[in-house]
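All remarks here apply to the structure that follows.
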Amino acid sequence: MQTSSMDTGSLKTLIKEKMHNSYLEKYVKNPVLSEDKLFMLTSILNNADLPDYKKENYIVSTMLVQMALDTHDLVPKTDDSEQSNTEKVTKQLSVLAGDYYSGLYYLLLSEIEDIEMVHILATAIKEINEYKMQLYYREIESFDTFIIIAKKIETLLYTHVAEFVGETTISGIAAGWLFTSKLNDETQHMLHTGTSTMFSIWHKQTSSSDAITIRAAKKHINKEIASVRNRLTHFPKHLIAVKTHILKTLNEFPFENRTIVEEG
Amino acid sequence: MKLSKTYGYLNKELDIIEYALGNAIQADHDVLREASTQLLQAGGKRIRPVFVLLCGQLGNFNIDRIKTVAVSLELIHMASLVHDDVIDDAELRRGKPTIKQLYGNRVAMYTGDYILARALENITLLPKPTAHRVLSKTMVQVATGEIEQIKDKFNWDQNLRNYLRRIKRKTALLIATSCKLGAIATDVSEENAEKLYRYGYYIGMSYQIIDDILDFTASENELGKPAGNDLLQGNITLPVLIAMKDKEFNNLVRETFEDPERVSKAQMANLLTEMKKTNAITESYKISDHYLKKALNELETIPNHKAKQTLQSIAKYIGKRRS
């Protein structure tokens, strides 16, 4: 998938170059830079009526924000008194790395004098942290509510960007597809290792067994897939490449097929 | 005399800023709102808003613009404090439990990120591209400075240049930026805005050097932490660097910190006694004074104004600070 000037591979390299700090890299294992999110961002911006340098900056700065938020999620919840010096330094640098990436996003957008986009991303960060607090304090009545909040945390950055650049058609699909992908990864992880970062939050407040959670997650994956497929039927022609890619990945998700077989 | 007396006539404007700060952190989530408000109510000198206000008065003063800048700079400072307490595993700040202590690391991280996001949302109300370039560059440098500080811990071979670069990023840049943004917000000429930036930079350098001196000379009561605590944490500051020019002191420091986890109170007390036998404290004050003179020089050609006199008074006050 290409933007008008760059492919996702080059963008990934560019983001990594921006984030590069040899001392940080020695201690902090950066979170994975999501290919799905990068793809979705390039898709959102590909057809936006913007000059190439802006598209590139929007993509890089949004991904820097994502990396900043993800890096801060690596900070341990509690400090262990038996913590080794290296663990202590890793924690300290995880805090600073996130702050550093946040500063970089603002710097990049300031250099191109795009203050509106600074505002859009800042608002998304603000809202994401509000939702993270809800999850942290387990203010979740049901698995459905849990899924709604988790989806917001996972996709708000991208829906805000899509709406800002006027790509409202893609906004809902972006959220649905990105979250399906995340849910799929977490469910797979749970099936294979018995653990999942996302579902551990839910498990802490209910007595749900892993099997019940997996079943509920599969149900949501199917629901999201159905919704994305439905939206894709009304997708504009100029986004055909995006549609093809999304359909291809939906067909590769194991749970949808399996459920169809089970139900059939 | 208290520093706040030098700018007592700004109380009305400072109250407006304080009120706006309170409004800026009204999060939807109860704990997020409580944690942010508690941090705000813990007080602080509000030195950044003061510099924004004073430098803003040298132009076409507009309280709304000044408020926007001052609130954002203070929020950025507050966000960094919340995260710093996670970094330092600090239980108390200004005598009160830290957010990290009350709610844990995760909430402290979310609160810091939330406050920073609010700061950035707010600053985008200022339609001045130069201001955003200056502020964003500063934010990156401040984070880099903190990373460098961790890297330089217990590095006895660092030089004066390392130290100066570190305190520039840690303290001086945000004060310099407060001055410059106040000036930009009220259309002070580019030339004078630059002078005010340098004034803030020199003041910040001097202020941090004195802070580093006080870590060795002030009492535990005055500091709220044991004397020499910076050194104990591995932060090598100006007095230590100067004292280490003395071969015997140099050897003593290296021996004492051979295992930083096992430095006793007696060893620290001995180090402090030996340091005071060198010229480190006097020389450090000289360097601080040098920066203060430079700060005052920058103001010389700024047109006469009450705000200019206050900026001069602040510089003199900082020079005399002994606790």
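A few points about this structure:
- Taking every residue in region A:7-25 that is at pLDDT below 95 and pairing it with any residue that is loosely packed, with under 14 Cβ neighbours inside 10 Å and not in a helix (DSSP H, G or I), at least 6 positions away or on another chain, the pairs with Cβ-Cβ distances below 9 Å are A:Thr8/A:Gln2.
- Picking from residues in region B:234-284 that are among the small types (Gly, Ala, Ser) and crowded, with 16+ Cβ neighbours inside 10 Å, the one that is nearest to B:Asn159 (Cα to Cα) is B:Ala243.
- Selected residue [in contact with a Phe, Trp or Tyr (Cβ under 9 Å, 6 or more places away or on another chain), on the phi < 0 side of the Ramachandran plot, at pLDDT 85 or above and surrounded by 12 or more Cβ atoms within 10 Å (Cβ to Cβ)] from A:Ile246, A:Ile201: A:Ile246
- Taking every residue in region B:24-36 that is at the interface with chain A (Cβ under 9 Å from one of its Cβ atoms) and surrounded by 22 or more Cβ atoms within 10 Å (Cβ to Cβ) and pairing it with any residue that is in a loop (DSSP other than H, G, I, E, B) and modelled with pLDDT of 95 or more, at least 6 positions away or on another chain, yields no pair with a Cβ-Cβ distance below 6 Å.
- Filter result for B:Leu73 (at the interface with another protein chain (Cβ under 8 Å from one of its Cβ atoms), assigned to a helix (DSSP H, G or I) and within 20 Å of the chain's Cα centre (by Cα)): no
- Close pairs (7 angstrom Cβ cut-off, 6 or more residues apart or separate chains): in contact (Cβ under 8 Å) with a residue 60 or more places away in the chain and buried (at least 21 other Cβ atoms within 10 Å of the Cβ) in region A:174-198, of a type in the set (Ser, Thr, Tyr) and part of a helix (DSSP H, G or I) anywhere: A:Ala174/A:Thr155; A:Ala174/A:Tyr158; A:Ala174/A:Thr159; A:Leu178/A:Thr155; A:Leu178/A:Tyr158
- Residue match in region A:25-36 (condition: more than 10 Å from chain B (Cβ to nearest Cβ), crowded, with 22+ Cβ neighbours inside 10 Å and among the basic types (Lys, Arg)): no
- Single residue of region A:69-78 satisfying the filter (part of a helix (DSSP H, G or I) and more than 8 Å from chain B (Cβ to nearest Cβ)) that is nearest to A:Gln92 (Cα to Cα): A:Thr71
- Residue within region B:201-220 that is aliphatic (A, V, I, L, M) and over 30 Å from B:Lys137 (Cβ atoms) present: yes
- In the condition set (1) at the interface with chain A (Cβ under 10 Å from one of its Cβ atoms); (2) assigned to a helix (DSSP H, G or I); (3) farther than 30 Å from B:Pro260 by Cα, B:Lys180 is compliant with all but (1).
- For beta carbons closer than 9 Å, sequence separation of 6+ or different chains, a first residue in region B:97-125 that is within 9 Å of chain A (Cβ to nearest Cβ) and in contact (Cβ under 8 Å) with a residue 12 or more places away in the chain and a second that is among the small types (Gly, Ala, Ser) and part of a loop (DSSP other than H, G, I, E, B), the qualifying pairs are B:Lys100/B:Ala90; B:Thr111/B:Ala27; B:Tyr114/B:Ala27; B:Arg118/B:Ala27.
- Test: A:Glu116 is within 14 Å of chain B (Cβ to nearest Cβ), farther than 26 Å from A:Ser209 by Cα and surrounded by fewer than 21 Cβ atoms within 10 Å (Cβ to Cβ): yes
- Helices (runs of 4 or more DSSP H) contained entirely in region A:155-264, each with at least 2 residues that are farther than 30 Å from A:Glu56 by Cβ and over 17 Å from the mean Cα position of the chain (by Cα): A:168-193, A:197-205, A:210-233, A:254-263
- For region B:126-137, the set of residues classified as more than 7 Å from chain A (Cβ to nearest Cβ) and either of a type outside the set (Lys, Arg) or within 22 Å of A:Met67 (Cα to Cα) (or both) consists of B:Leu126, B:Pro127, B:Thr130, B:Ala131, B:Val134, B:Leu135, listed by residue number.
- Residue match in region A:81-88 (condition: within 12 Å of another protein chain (Cβ to nearest Cβ) and at pLDDT 95 or above): no
- Screening B:Glu91 on (1) closer than 26 Å to B:Thr124 by Cβ; (2) surrounded by fewer than 24 Cβ atoms within 10 Å (Cβ to Cβ); (3) free of Cβ contacts under 8 Å to residues at least 60 places away in the same chain; (4) within 11 Å of another protein chain (Cβ to nearest Cβ) shows it passes everything except condition (1).
- The conditions of being surrounded by fewer than 17 Cβ atoms within 10 Å (Cβ to Cβ), within 17 Å of A:Leu64 (Cα to Cα) and in contact with a helix residue (DSSP H, G or I) (Cβ under 7 Å, 6 or more places away or on another chain) are not met by A:Glu154.
The values are calculated or read from the model by the stated rules, or taken from the named source; none is laboratory data. Fair warning: this is a prediction, and the values are worked out from it, not measured in the lab. When we count neighbours, we look across all protein chains shown, and the Cβ atoms used for this are built from the backbone with ideal geometry, even at glycine.
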